[in-house]
Amino acid sequence: MSENYSGIRESRPNRYNDLGSTGSQAEKDFKNGCLKKADRSFAQGLQCQQINSMAALMSLEDSVFIAHSPQGCVGCTSLAVDQYRVGQAHRGVKNIKNPRIIVSNLDQNNVIFGGEDKLKKAVGDAMKRYHPKLIFVFASCASGIIGDDIDAILRKLQEETQALLIPIHCEGFKSKICASGFDAAFLSINQYILKKEKLEKKKGLINLFAPVSISYSDQKEMERMLSLLGLHVNYIPFYSSLEKIKEIPAAEASTSICKVFADEFMKTLYEDYKIPYSHTVMPIGVRNTDIWFRGVAKIVGKEKEAEEIIQREHERILPLVESIKDRLKGKRVFICGGTGRSFAAAALIDDFGMVLVGLETPTYDEDAQADIEYLNTIHSDYVIDIANMQPFEQVNLVKRLKPDVFIGVPEWAAKLGIPTTHVLDMKRPTMGYDGLLFLGNKIADQLENPGFNVKLSQHVKLPYKESWYEKDPFQYIIGGE
């Protein structure tokens, strides 16, 4: 996210988002430079970067979120809205509210004549209704194709608007890697809020970046662990505020719970504000939690204290992990999730003696390669599907591989009658040492009580012909030879 970073993840070398292979073959091809840019001749259910830009910020206090788009573009925000509401309940909020979302509602006429007037009206409505401190305006495919200059429009409106107006360029057609939406949001935060202004460092303050899919229990676990190192956390941007965002440059260090969420932004913070950062793994499972904790300890100079803490934590949890392992050992697993979370979960299942048979994740890059090299030492002969959504491939693979349990976003696997455990709903613990115990018991409980999914499969018909299940699931991936 430095001055020469476009905010589009494909602009970085060695990033791939269309691949069907095995773990061992993907590792070999990446090392030998044999992976090529591929595409799909048929695609289903893509996630665009606009929803990630919106979801990253939708829980900010005193904010309004304007989607300069047709109405349909905000359909995916229903999940983020649910996560925001649940998060409030977990934090003890009595009067639960929705995020303030306004859609400029571009239509066919605007495609011809432009949508400038609708954007102006949306900003005016936001001020009249809510009197916020922040108004974020999210570009869309439609506004990008029209050519509406949202930057110029907002600059003009800023002269007569008390709220800070922030444009975010997250047009969906700009990137097939949906994580680019996070970068678009952080680029605008750096440009319009932080503005490269230096602050005096606060002793022990650490920026902890977390996406919407992190549960409150996980937040508390990460804060607990960091407090053991004498650190206090600026938790952003989820359930944050303008004041907390402005405090980012005062931190001594930065880290992220999700490996891909703020990696580019942390590079920018180092370049612009000299804030060192830890970029390691997502803290799911014993090994990854150890690595994540050691990474933070190293940048704050507390490696010795970290080793003592890790030893105490191991003494507390490892006997409990063994009891869970007795329930899960040898079970075959298919995993689906974001790039950081899916690889972390794949390493986690080794804690419980489980066997990886398939892995679906949106992107393959140098970080993924490091994870694959480790996974290939503990798992063999598993399928890897690099796909932004693509449920038709997932259903084919899951039905073909017949795993005992599915970990990830469970809808399609649940309809096949397979026991499932969600790791992206931000409602349950998954991170750190305590999250490991909850997740392990959750998986075991699902395996021992699969009745709901079994009955669901008997009453739900998936929209695929039987002939599809007999075909190569990767037949629509073209190029890359």
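At the residue level, H131 shows approximately 140 square angstrom of accessible surface with a 1.4 angstrom probe and all protein chains present. Its residue count N sets the reference 2.2 N^0.38 Å, and the alpha-carbon radius of gyration of region 205-304 equals 0.97 times that reference.
When the residues S380, S457 are ordered by accessible surface, computed with a 1.4 Å probe over the protein chains alone, the sequence from largest down reads S380, S457. Sparsely packed loop sites in region 310-378 (the trypsin sites (Lys or Arg not before Pro) outside DSSP H, G, I, E and B with at most 13 other Cβ atoms within 10 Å) comprise K329. Projected over all directions and averaged, the alpha-carbon convex hull of region 49-175 occupies 7.6 nm². Each of Y469, C170, G75 was placed along the dipole of the chain (beta-carbon charges, centred on the mean Cα), and the one lying farthest toward the positive end is G75. Residue by residue, region 229-243 carries 3J(HN,Hα) couplings of 8, x, 9, 10, 9, 9, 8, 8, x, 6, 6, 10, 7, 4, 5 Hz when phi is fed to the Karplus relation 6.51 cos²θ - 1.76 cosθ + 1.60 (θ = phi - 60°); x denotes Gly or Pro. Taking only the Cα atoms of region 149-214, the ratio Rg/Rh comes out at 1.04, with Rh defined as the Kirkwood radius. Each label was represented as a point 7 Å from its Cα along the Cα-to-Cβ direction; for H90 and K128 these points are 3.8 nm apart. Only protein heavy atoms count here; on that basis, with a 1.4 Å probe, T363 has an accessible area of about 10 Å². Rounded to whole Å, the principal axis extents of the Cα atoms in region 257-360 read 49, 34, 11, largest first. Averaging Cα coordinates gives a centre for region 429-463 and one for region 104-173; these two points are 42 Å apart. Remark on V64: its backbone amide H falls under 5 Å from those of L134, I135, F136, a criterion applied only to residues 5 or more positions apart or on other chains, H modelled at 1.01 Å from N.
Here the label points at R224 and L79, each 7 Å from Cα along the C-beta direction, are separated by 2.8 nm in the simple model. Quick check for region 49-175: number of Lys pairs with alpha-carbon distance under 27 Å, counting only pairs 8 or more apart or on different chains? Close lysine pairs under the 27 Å cut-off: 21. Within the chain, the longest segment free of exposed loop sites, counting chymotrypsin sites (Phe, Trp or Tyr not before Pro) that fall outside DSSP classes H, G, I, E and B and have at most 14 other Cβ atoms within 10 Å, spans 43-463.
Loop-located trypsin sites (Lys or Arg not before Pro) in region 24-123 (DSSP state other than H, G, I, E, B) with a sparse environment of at most 13 neighbouring Cβ atoms within 10 Å: K36, K37, R91, K94, K97. Taken along its three principal axes, the alpha carbon spread of region 16-63 comes to 50, 25, 16 Å, from the longest extent down to the shortest.
Treating cross-link reach as a plain straight distance, find the lysines whose alpha-carbon is under 26 Å from the alpha-carbon of K31, omitting any fewer than eight places away in the same chain. Hits, sequence-local ones excluded: K176, K259, K267. Restricting to the chain, compute how many DSSP beta bridges are antiparallel as a %, nearest 5. If we restrict to bridges inside the chain, about 15 percent are antiparallel. Cross-link reach is defined here as a Cα-Cα straight distance under 19 Å, omitting same-chain residues fewer than 8 places apart; for K465 the lysines meeting it are K399, K402, K415. The phi-based Karplus calculation (6.51 cos²θ - 1.76 cosθ + 1.60; θ = phi - 60°) puts the 3J(HN,Hα) values of region 188-200 at 5, 4, 5, 6, 9, 10, 6, 6, 6, 7, 7, 10, 5 Hz, whole numbers, x for Gly and Pro.
Excluding R224 itself, what net charge comes from residues whose Cβ is under 15 Å from its Cβ, given Lys and Arg +1 and Asp and Glu -1? Before the final figure, lay out each step's value.
Working: positive: K220, R312, R316; negative: D218, E221, E223, E305, E313, D434.
Taking every Cβ under 15 Å from that of R224, the sum is -3.
Under 5 Å from the amide H of T22 lie the amide H atoms of I384, each residue being 5 or more positions distant or on a separate chain, with H modelled from the backbone and absent for Pro and chain starts.
Where in region 263-280 does the amide nitrogen come within less than 19 Å of the point 7 Å from the Cα of K202, taken along Cα to Cβ? Label zone hits: 266, 269-270, 273-278. At 1.4 Å probe size, what's the solvent-accessible area of V454? Round to the nearest 10 Å². Ignoring ligands and nucleic acids, V454 comes out at about 60 Å².
When the alpha-carbon atoms of the chain are used, the pair Rg, Dmax equals 22.5, 67 angstrom.
Residues with beta-carbon under 9 Å from that of A163, excluding A163: net charge, scoring Lys, Arg +1 and Asp, Glu -1?
For residues surrounding A163, the net value is 0.
Ranking of K156, K442 by solvent-accessible surface, largest first: K156, K442 (1.4 Å probe, protein heavy atoms only, all chains present).
The values are calculated or read from the model by the stated rules, or taken from the named source; none is laboratory data. Owing to the predicted nature of the structure, the values given are computational and were not obtained by experimental measurement. As a convention, Cβ positions derive from the backbone with ideal geometry for all residues, glycine included, and neighbour counts pool all protein chains shown. For accessibility, only protein heavy atoms count, side chains too; no ligands or nucleic acids. Shrake-Rupley method; radii C 1.70, N 1.55, O 1.52, S 1.80 Å.
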